[in-house]
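Following: one structure in structure tokens, then a few remarks.
The values are calculated or read from the model by the stated rules, or taken from the named source; none is laboratory data. Because the structure is predicted, anything quoted here is derived from the model rather than measured. Every residue, glycine as well, gets a Cβ built from its backbone with ideal geometry; the counts of neighbours run over all protein chains shown.
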Amino acid sequence: MKFNWGTGIVIAFALFIAFIMYMVITMSTDKKYDHDLVTDEYYKKELSFQDKLDKEQQTLNAGYDISIKKNEKGLLISFPGQINDSEITGKVFLYRPSNKQLDFEIPFSTSNHLLLIPDNRLLDGRWNIEVDWKYNDSSYLNKKEITY
């Protein structure tokens, strides 16, 4: 068989197709390359997005900023001191971008303007925290990102 440029092009195409097929099969079957979506109910959450924006704006307008600090017992969330802490209720959602199995939500009511999330629930790495809370029949939302 004589090797000419036409044969070389056919061999190059065949090798390229084989390489692409290998990559597709590897990426679709290997669990190391498996990445989760942000949420399974993406479109359902998108419908409530404007509500979250309104809560965040109301939080900014009222000046109710929370602080989040790490201590030896876990993550300490402090609410503004000028409000009555017995009337604060809500939930904290902790989202782990790298692994959706670590996401969790905690309903709460505060005491002494503080909320403690135990250290045993948090692994090292990045966490996105959403504190959705109510005070005097008004809803507020604070979002923070921390590296634990």
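Annotations for the structure displayed:
- Among the candidates Leu123, Leu53, residue that is within 17 Å of the chain's Cα centre (by Cα) and more than 30 Å from Lys31 (Cβ to Cβ): Leu53
- Breaking point among (1) part of a helix (DSSP H, G or I); (2) closer than 30 Å to Glu145 by Cβ; (3) not β-branched (Val, Ile, Thr), for Leu76: (1)
- Selection status of Lys55, surrounded by 14 or more Cβ atoms within 10 Å (Cβ to Cβ), of a type outside the set (A, V, I, L, M) and at pLDDT 90 or above: yes
- Selection status of Gln50, in contact (Cβ under 8 Å) with a residue 40 or more places away in the chain and assigned by TED's automatic domain parsing to the domain that holds Lys143: no
- Verdict on Gly81 being more than 22 Å from the chain's Cα centre (by Cα) and either free of Cβ contacts under 8 Å to residues at least 60 places away in the same chain or part of a loop (DSSP other than H, G, I, E, B) (or both): yes
- Members of region 98-119 found to be part of a helix (DSSP H, G or I) and touching a residue at least 40 places away in the same chain (Cβ under 8 Å), listed by number: Lys100, Asp119
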